[in-house]
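The values are calculated or read from the model by the stated rules, or taken from the named source; none is laboratory data. Keep in mind that what you see is a predicted model, and the values were worked out from it rather than measured. Note that each Cβ is placed from the backbone with ideal geometry, even for glycine, and that neighbours are counted across all protein chains shown. Remember, those area values only see protein heavy atoms, side chains included, never the ligands or the DNA or RNA. Shrake-Rupley method; radii C 1.70, N 1.55, O 1.52, S 1.80 Å.
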Amino acid sequence: MKKYLALPILLLTLAFGTASASAQSLRIGTVDMKKIFDSYYKTKDAESKINEARNAAKKELEDRMDILRKSMDEVKKLDEEIGNPALSKDAKEQKTKTRSDKATELQNMDREIREFQASREKQLQEQSVRMRAGIVDDINKIVADKVKAENFDLVFDRSGPSLNGVPIVLYARDSYDFTDSIVTVLNKNRGKDTSDAAAPAKEPAAPTAAPAKPKKGN
């Protein structure tokens, strides 16, 4: 009976030994993608450009709102004048017509402001997505070059949680991590980069519609 058990035991021993040797030959690495993303100088440049564009949009929106408020004050003043019992019939009719025209202008201005706000928010979002995608592409390229140069078999991102909300990498030796070397390579061209990604971002085009101007002669 013992001689029949010996063969399976030998096979299992060989199998586990082979698997162990194979695992030991794997070259495994880890990176902290969040740290790399936050440490890359282009990330800070992109955030600065987005903030500049957002502040410009906010200023333009405030200017449009000021015009709207002034027009609302004019309509309110006309309402008071129209309600004056001492006002002649002809003057009252003229002011009523002027008030109607300004009310129409207010509706158009309000619509244009809401369209401007929605359009600019969309533009800023698209600009942010484009910049982020370009930065991620840069990072992935440098990581891929590192993987090829040093023959890594597996590389894990230690910064992201899984769908269960726990870290994907529960533990890894510090020697496996090459985050800092990626950051160093990415930032070596700081101040020297003349690519489109480093150039100042163009301001998003504003909507062509502008607040309606009062008609002449009113």
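Things worth noting here:
- Projected label distance in nm at Ser48 and Ser25, using a 7 Å step from Cα toward the beta-carbon: 5.0
- As a calculated quantity, the FRET efficiency between Asp38 and Arg69 at R0 = 25 Å, using C-beta atoms, amounts to about 0.05.
- With a cut-off of 10 Å between beta carbons, the residues surrounding Ala46 carry a summed charge of +3, where Lys and Arg count +1 and Asp and Glu -1.
- Segment 104-153, accessible surface, carbon-and-sulfur percent (1.4 angstrom probe): 47
- Phi-based couplings in Hz for segment 45-59 (Karplus 6.51, -1.76, 1.60; Gly and Pro marked x): 4, 5, 4, 5, 5, 5, 5, 5, 5, 5, 5, 5, 5, 5, 5
- Under 5 Å from the amide H of Asp177 lie the amide H atoms of Thr30, each residue being 5 or more positions distant or on a separate chain, with H modelled from the backbone and absent for Pro and chain starts.
- Under 5 Å, built H, 5+ apart or other chain: amide partners of Val155: Gly29
- Note that segment 29-160 presents 63 Å² accessible area per residue, ligands and nucleic acids not counted, probe 1.4 Å.
- Translational diffusion coefficient of segment 67-170 (Stokes-Einstein, Kirkwood radius from Cα pairs, 4 °C, 1.567 mPa s): 65 µm²/s.
- Net charge dipole size for segment 16-117 [Lys, Arg +1 and Asp, Glu -1 on Cβ; Debye, nearest 20]: 380
- Rounded to the nearest whole angstrom, the semi-axes of the ellipsoid equivalent to segment 45-109, taken from the Cα gyration tensor as √(5λ), stand at 41, 10, 5, largest first.
- With the simple model of a label 7 Å out from the Cα in the direction of the Cβ, Phe156 to Ala103 spans 6.9 nm.
- Cross-linked pairs Lys59/Lys102; Lys34/Lys146; Lys35/Lys141; Lys148/Lys192; Lys59/Lys97: Cα-Cα separations exceed 21 Å for Lys59/Lys102; Lys148/Lys192; Lys59/Lys97.
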